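A quick write-up on the structure given underneath.
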Amino acid sequence: MDLFEYQGKQYFARYGIAISPGEVAVTVDEAVAAANRVGYPVVVKAQVQVGGRGKAGGVKLAADRAEVELHAGNILGLDIKGHVVKRLWIEHATDISKEYYAGFTLDRAARLYLAMVSARGGVDIEQVAEEDPGAIVRRHINPLDGLALAEARSIVEEAGLDAEALDGAAQVLVDLYRCYVEGDADLVEINPLVLTPDGRVHALDAKVSLDDDAAYRHPEWEEFEGTGEIDERERLAKKKGLNYIGLDGSVGIIANGAGLAMSTLDVVNQVGGSAANFLDIGGGANADVMANALEVINTDQNVRVILVNIFGGIVRCDEVARGILAALDRVSLSSPIVLRLDGTNAVLAREILAERASDQIINEPTMLAAARRAVEVASGEAAGSAGGRS
Ligand code: GDP
Ligand code: MN
């Protein structure tokens, strides 16, 4: 789960990392009231879960009330890379001498944490990473050792931070490490981490991505959930316990097993289509799971056809077929289904489905044939698509 900047900063603050005072605002009036309390000059900052807000016009300094009104008015409703700004963070502005970068993530291949620090932080860090990767110091941290202040200090020195920033930055790195590990994050980043003219080191931005698998031991994370930018389909799928990821194509996909689901996406792509989702119903392909899956896919306005690709191993295809029929009694589908059922009891499954066969339920013997047929139906070429969404 990704946090908004203002939530990430509050997370940082719990671990002692210095941030600027600020307030959330959702209207221009609230922004002005917040600025009055926070104290001028302020920064008006778009709260969206995507980087590059500054370059997109989503971060503006305001010296007085009129400028807050102007910028808040412009930024609210702004579309930043497909994310519409609904919330602002009004923060007391900081004087900046230098902009650095600091972050932690997991290096899965090395099975170690990775500290990343650069003296060249700010809005162009992606460009620095590409053109001059040596400007970002990367150091593995063994979770069994943790990160001592002396090592943090050697990392910021190696990164070439200014002398007056070294002590402060080393301490921030130690605090950020604790935030990352004890806070159960997958990724924490401060960009920019700034040095102020009076020698303080301070977090001006926050990127925090929490590890969803640790949610059970963080009841306090609930407060983040209501505000998150979760895809409506994904919200519904999660409620129904499905392993679903929304995509933007027109072929809804249901498969059993993550591997088969991914192959199905590939084959749909290969024959010229595009998937509307990834959905692995796992081993529990019973009527209930099938109905839930169809229900979620049915809410997606882009879907023109549903491709069900089941390989019966432990799951028996006749169970799946009964599940589909039961699901059809529960859900009124707006798209036809193309089915590929293979493996245990596939023949029996086809017999069961034959009773209800129509242009709404199309059987194909192989994954490739089913994908082709689905893509035809999605593009409106198939003769049997008359019953589909008009
Ligand atoms: P991002 O573009 O989404 O990464 O948004 P940031 O929060 O990192 O802000 C972008 C840039 O705005 C920063 O790199 C700073 O240069 C500038 N900025 C942000 N906050 C302040 C501030 O308090 N004072 C000043 N002078 N500049 C700021
Ligand atoms: Mn930033």
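Residue 110 versus (1) within 19 Å of residue 211 (Cβ to Cβ); (2) open to solvent by 20 Å² or more (accessible area, probe 1.4 Å); (3) in a helix (DSSP H, G or I): which is the lone unmet condition?
Result: residue 110 passes all but (3).
Would you please list the contacts, defined by Cβ atoms under 7 Å and residues six or more apart or on different chains, that run from a residue in the stretch 184-205 that is at negative phi and assigned to a loop (DSSP other than H, G, I, E, B) to a residue that is open to solvent by 40 Å² or more (accessible area, probe 1.4 Å) and more than 9 Å from ligand 1 (Cβ to nearest atom)?
196/97; 197/97; 200/18
Which is within 16 Å of ligand 2 (Cβ to nearest atom) and either of a type in the set (Lys, Arg) or not assigned by TED's automatic domain parsing to the domain that holds residue 59 (or both), of 126, 158?
Sole residue among the options that is within 16 Å of ligand 2 (Cβ to nearest atom) and either of a type in the set (Lys, Arg) or not assigned by TED's automatic domain parsing to the domain that holds residue 59 (or both): 126.
Scan (1) within 15 Å of ligand 2 (Cβ to nearest atom); (2) free of Cβ contacts under 8 Å to residues at least 60 places away in the same chain for the single condition residue 100 breaks and write down its number.
The one condition residue 100 does not meet is (2).
Have a look at 79, 29, 95, 64 and point out the one that is charged (D, E, K, R), within 30 Å of residue 155 (Cα to Cα) and open to solvent by 40 Å² or more (accessible area, probe 1.4 Å). Reasoning before the result, please.
Numbers: 79 fails: within 30 Å of residue 155 (Cα to Cα); 29 fails: within 30 Å of residue 155 (Cα to Cα); 64 fails: within 30 Å of residue 155 (Cα to Cα).
Every option except 95 fails the conditions.
Among the residues that make up the stretch 21-28, is at least one of them away from ligand 2 (no atom under 16 Å from the Cβ) and hydroxyl-bearing (Ser, Thr, Tyr)?
yes
Filter the stretch 274-292 down to the residues that are open to solvent by 10 Å² or more (accessible area, probe 1.4 Å) and part of a loop (DSSP other than H, G, I, E, B) and list them by number.
274, 281, 282, 283, 284, 286
Considering the stretch 57-90 alone, what residues qualify as being out of contact with any helix residue (DSSP H, G or I) (no Cβ under 7 Å at 6 or more places or on another chain), within 13 Å of ligand 2 (Cβ to nearest atom) and modelled with pLDDT of 95 or more?
Within the stretch 57-90, 59 is the sole residue that qualifies.
Looking at the stretch 113-126, which of its residues are open to solvent by 40 Å² or more (accessible area, probe 1.4 Å) and closer than 14 Å to residue 141 by Cα?
Residue satisfying the conditions is 113 alone.
Take the residues in the stretch 133-147 that are open to solvent by less than 60 Å² (accessible area, probe 1.4 Å) and more than 16 Å from residue 161 (Cα to Cα), then tell me which one is farthest from ligand 1 (Cβ to nearest atom).
142
The values are calculated or read from the model by the stated rules, or taken from the named source; none is laboratory data. The model shown is predicted, which means the values in this text are computed figures rather than measured ones. Because the Cβ atoms are built from the backbone with ideal geometry, glycine has one as well, and the counts that use them run over all protein chains shown. Heads up: the accessible areas ignore ligands, DNA and RNA and are worked out on the full protein's heavy atoms, side chains in. Shrake-Rupley method; radii C 1.70, N 1.55, O 1.52, S 1.80 Å.
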